[in-house]
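A short write-up of the structure that comes next.
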Amino acid sequence: MSPRPSPSPNRNPFLAAGLDPSTITATDTALVWLKRDLRLADHAPLSAAQGFSRALAVFIIEPAWLASPECDASHVAFALDCVEDLRQQGLPVLVRFGEAVAVLQALRTEHGVTHLLSHEETGPCWTWERDKAVAAWCRAQGVPWAEFAQTGVVRRLRSRNGWAGRWQARMDAPQHGAVTGLPCPADLAVHALPRLGELGLPPHGKPLQAAGERAGRQTLDSFLRHRGSDYRRSLSSPLTAENGCSRLSPHLAFGTLSMRTVHQATEARIAALSASPQASDRAFAHALRGFAGRLRWHCHFMQKLEDEPAIEWRNFARSADGLRPGDEGVPMVAADEERLAAWREGRTGFPMVDACMRSLRATGWLNFRMRALLVSFAAYHLWLHWRAPGLFLARQFLDFEAGIHWSQMQMQSGTTGINTLRIYSPTKQLQDHDPQRVFVRRWVPEWGTDAYPAPVVDERVAAQAAKERMYGLRKTQDARDSLQRDLFE
Ligand SMILES: Cc1cc2nc3c(=O)[nH]c(=O)nc-3n(C[C@H](O)[C@H](O)[C@H](O)COP(=O)(O)OP(=O)(O)OC[C@H]3O[C@@H](n4cnc5c(N)ncnc54)[C@H](O)[C@@H]3O)c2cc1C
């Protein structure tokens, strides 16, 4: 796959995105293409659009998105709720259904659009293909497309050396002020948002986290003010993580808050707590430092997909090719399909695995450790390739973020070639993180009765067999794998 076009590393954010404000004329019209950046604050394209005498904003519901195997109706519902929040805050966002190029062409014809402004996106394969088509359309039309960085991901990165410093500089840079409105054309017709059924989508049936920029702010505030005080200890158990983790992931995935906003608010809170004479405040600051580090991981993992888009479907360590059923060239047989179905439906006979899966399917969220347990169980105990489980999980996670997701799927399945093998025992995880079986009883009420299925595999035998296969593989890993090392270090 050829790389996407890259802006020059100029320090002025507008010039860096290829937009020279001195060249804008009174007859120019800017189109802000909103993607996974559904906010008014710290939004470079919206800020840049204020330099035009006419500007409009559009959110495109792309058929390629709806048809992609990672997409779920809950994602679309959350995005539309975020758009509604922007409208309520005073931004008249157009919503159009269609492939991006066709929609952009229609808006150019209707409104005389001369400039396209958007954030860079590091998403699944279909977004790369669409970006290339849009870039070609812009070239053919003579429409400059200014693309602004919105996370710590660096386009066309030549070397990872110094990446952390660049991340820090971006996160510490001043934020763009919240946009209060756009100089929209007077005849702009903003229609009611489509319902899921009108888009051909089924109801998702989940009580979604509150969407939109204002809900994102409240979530951030409540975490930094009180919920985050015991963050490090709350992380691992699904019982404590529900409230003790930030729950910002869908907001970061749909961009209702910028990473810079979250980073700067966190650092300010850490500084204030650290200066307090009270030991409990300093303990709170320590907890938040653990959280702050994870914000960097977010961009670190997205950078991997930016640099190597093939990690969505190909093993990082090519020596792992063909290792498990479901990988290219290794068809799944009926028994594999049945194990996959049991895992997907939360009926493996391992109560912690089943409770995690059922909880995820009902709510759209699960904490890190339990996501890792689900994947480790599928990869090692059930010996399934990561792609099919990964697509299923992508649809369940409201916060689906391709760069994090596929990196983690491969790391937890042992196909990166360099990370330590972690085979989580479902029995130990149950004992450690739900000793009173509160979580299990909540999600698997039939556990302990005859109605609960017998285990699909023998835990000890399956884990031992997986270990042997994985250590055998490690011994044979070849030089090609080591070329990939820096991507996962
Ligand atoms: C198999 C697997 C798949 C995952 N898929 C996704 C995904 O699609 N989208 C997603 O946002 N996270 C994913 N994660 C990472 C992590 O589980 C979630 O970010 C976290 O549970 C979200 O809840 P939170 O916002 O309350 O997290 P917090 O613990 O409060 O963390 C704050 C933020 O830091 C970032 N973060 C936290 N942990 C990680 C991590 N390990 N790697 C990278 N960034 C991290 C996220 O942006 C998160 O919102 C995945 C983890 C695993 C094991």
| Rounded, prolate or oblate (a/c below 1.5 giving rounded, otherwise prolate when a/b exceeds b/c) for the range 178-288 by Cα gyration tensor | oblate
| task | Step through the residues of the range 359-367 one at a time and calculate ³J(HN,Hα) from phi using the Karplus curve (6.51 cos²θ - 1.76 cosθ + 1.60, θ = phi - 60°), rounding each to whole Hz and writing x for Gly and Pro. | result | 5, 4, 5, 7, 10, x, 9, 8, 6
| Cβ-derived FRET efficiency at R0 22 Å, ARG87 paired with ASP187, nearest 0.05 | 0.80
| note | The set of residues whose placed amide H lies less than 5 Å from the amide H of HIS119, leaving out same-chain residues fewer than 5 positions away, is LYS35, PHE148
| note | Here the averaged projected area of the range 1-130, based on the convex hull of its alpha-carbon atoms and given in nm², is 8.7 nm²
| message | Which of the three applies to the range 56-104, rounded, prolate or oblate, going by the alpha-carbon gyration tensor with a ≥ b ≥ c and a/c under 1.5 meaning rounded? | response | oblate
| request: Set the Förster radius R0 to 41 Å, insert the Cβ-Cβ distance between GLU338 and ARG233 as r into 1/(1 + (r/R0)^6), and round the FRET efficiency to 0.05. | output: 0.60
| Between the helical axis of 213-225 and the dominant principal axis of the chain, each derived from Cα atoms, what acute angle in degrees is found, rounded to the nearest 10? | 50 degrees
| remark: A student applying the Cα gyration tensor rule (rounded when a/c is under 1.5; otherwise prolate if a/b is larger than b/c, oblate if not) would label the chain prolate
| request: Round to the nearest 10 and give me the degree value, 0 to 90, for the angle of helix 459-476's Cα axis relative to the longest principal axis of the chain. | output: 60 degrees
| task | With unit charges on the beta carbon (Lys/Arg positive, Asp/Glu negative), name the residue among LEU421, PRO185, PHE254 whose Cα is farthest towards the positive pole of the charge dipole of the chain. | result | LEU421
| Listed residue (CYS82, ALA102, LEU56) projecting farthest to the positive dipole end of the chain, Cβ model | CYS82
| field | Relative contact order (%) - criterion: Cα under 8 Å, at least six apart; region: the chain | value | 17 percent
| said: Just to check I understand the Karplus step: with θ = phi - 60° and J = 6.51 cos²θ - 1.76 cosθ + 1.60, what whole-Hz values come out for the range 54-59, glycine and proline as x? | reply: 9, 7, 9, 10, 10, 10
| message | With N set to the number of residues, divide the alpha-carbon radius of gyration of the range 312-488 by 2.2 N^0.38 Å and report two decimals. | response | 1.02
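Bear in mind that the values in this text are calculations on the coordinates, not laboratory data. No experiment lies behind these values; they were computed from the predicted model shown. Here Cβ is always computed from backbone atoms with ideal geometry, including for glycine, and neighbour counts include all displayed protein chains.
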